[in-house]
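Heads up: the structure comes next, in structure tokens.
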Amino acid sequence: MKYEKIRKIVLEAILEAVDMGLIHGTSGNIALRDDEDDVVAVTPSGISYSHMTADQIAICDLNGKWLEGPFKPSSEIPMHTAAMRARKDIRATVHTHGMFATIAAMSGELKAVTPPQCEFVPVGIVPFTMPGSNDVAEKVVEALGEKGRAVLIQNHGMFCCGKDMKAAMAATVYTEEMAQTAWYAKVAGVFTPMPDEAVARMKALIEADQAV
Ligand SMILES: [Zn+2]
């Protein structure tokens, strides 16, 4: 099987996301760029993830053109490859329709409430744009900017990225956690985000790899 390594990593990640309840049915998709060739392994379109095998993961070029695999790539491939083309540091991308991230997108803001979440803020928010379009891909890339790790898409879900799959999955987990905590805290009437200055200090510690 060609590109076995990246296909296996994508398969493991999508199964983990399903296990964690971040992905239901065939919603959500995950992509990983190869270290040497400019190709991307991406989950296929419309196929149940629970019995998926690595050879069923699609391979595309960086423009989203389908190169390998029995099933066509996710229709949301433009978002994944646009982010990878825009930023060399982005090798892995995860898109989910997480419930709390979707609610946070409607509320128009998402703030860190615990120290580990500081790595992933500020979280950009883009208005609803047709899924799978180049338009939504451009808006997500713009909202990510030079360093962004997570973006919420209104009435759709979220898009996270990282230097590898572990980093992209961490962004996904913590962004959903941030949204979930904010939602319950707001319902309870006790919502208190971390102060901006503390967020900036935490981010600096995390970037310097000095956070405990
Ligand atoms: Zn989607």
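Values quoted throughout were computed directly from the atomic coordinates according to the rules given, and no laboratory measurement underlies them. Since the structure is predicted, the reported quantities are computational estimates derived from the model, not experimental observations. Glycine gets a Cβ as well: all are built from the backbone with ideal geometry, and neighbour counts include every protein chain shown.
Within 10 Å of each candidate Cβ there may be at most 13 other Cβ atoms; applying that plus a DSSP loop requirement, which GluC sites (Glu not before Pro) in region 104-158 survive?
Those that pass, being in a loop and sparsely packed, are 109, 146.
Can you give the longest run of the chain that contains no trypsin sites (Lys or Arg not before Pro) sitting in a DSSP loop with at most 14 other Cβ atoms inside 10 Å?
Between exposed loop sites, the widest span is 3-64.
Just want to confirm a number: the relative contact order over the chain, from Cα pairs under 8 angstrom separated by 6+ residues, in percent.
Computed over the chain, the figure is 19 percent.
Could you pull out every residue, at least 5 positions away or on a different chain, whose amide H is within less than 5 Å of the one on residue 45? Hs are placed 1.01 Å off N in the peptide plane, and Pro or chain starts have none.
For residue 45, whose amide H was placed from the backbone, the distant partners under 5 Å are 72, 74.
Which chymotrypsin sites (Phe, Trp or Tyr not before Pro) from region 155-202 combine a DSSP loop assignment with at most 14 other Cβ atoms within 10 Å?
Listed in order of number, the matching sites are 191.
Under a plain spin-label model, where a point goes 7 Å from the Cα along Cα-to-Cβ, how far apart in nm are residue 208 and residue 154?
Reported label-point gap for residue 208 and residue 154 is 3.9 nm.
Tell me which residues come under 5 Å, amide H to amide H, from residue 124 once H is placed; ignore anything under 5 positions away on its chain.
HN-HN under 5 Å from residue 124: 150, 152.
Filter the GluC sites (Glu not before Pro) in region 1-84 down to the DSSP loop ones having no more than 10 other Cβ atoms within 10 Å, then list what survives.
36
With springs only between Cα atoms under 10 Å apart, run a GNM on the chain and tell me which of 101, 13, 86 wobbles the most.
Result: 86 has the largest fluctuation of those listed.
Which of the lysines could a cross-linker span from residue 186 if the Cα-Cα distance has to be under 23 Å and same-chain partners fewer than 8 positions apart are dropped?
The qualifying lysines are 111.
Need one number: the % of Cα-Cα pairs in the chain sitting beyond the 29 Å mark.
21
Can you bin region 97-169 into rounded, prolate or oblate? Criterion: square roots of the alpha carbon gyration tensor eigenvalues sorted a ≥ b ≥ c, rounded for a/c under 1.5, prolate for a/b above b/c, oblate for the rest.
oblate
Kindly provide the helix-only [θ] at 222 nm of the chain, computed as the sum of -39,500 (n - 2.57) over DSSP H runs of four or more divided by all residues, to the nearest 500 deg cm²/dmol?
Result for the chain: -12500 deg cm²/dmol, rounded to the nearest 500.
Could you give each residue of region 36-44 its phi-based ³J(HN,Hα) in whole Hz, using Karplus coefficients 6.51, -1.76, 1.60 with θ = phi - 60°, and x for Gly or Pro?
9, 8, 7, 10, 10, 8, 9, 4, x
Stokes-Einstein diffusion coefficient for region 117-212 at 37 °C in a medium of 0.692 mPa s, Rh from the Kirkwood formula over Cα pairs: what value in µm²/s?
227
May I ask you to list the lysines whose Cα is less than 20 Å away from that of residue 88, ignoring any residue fewer than eight positions away on the same chain?
Cross-link targets: 5, 65, 139, 147, 163, 166.
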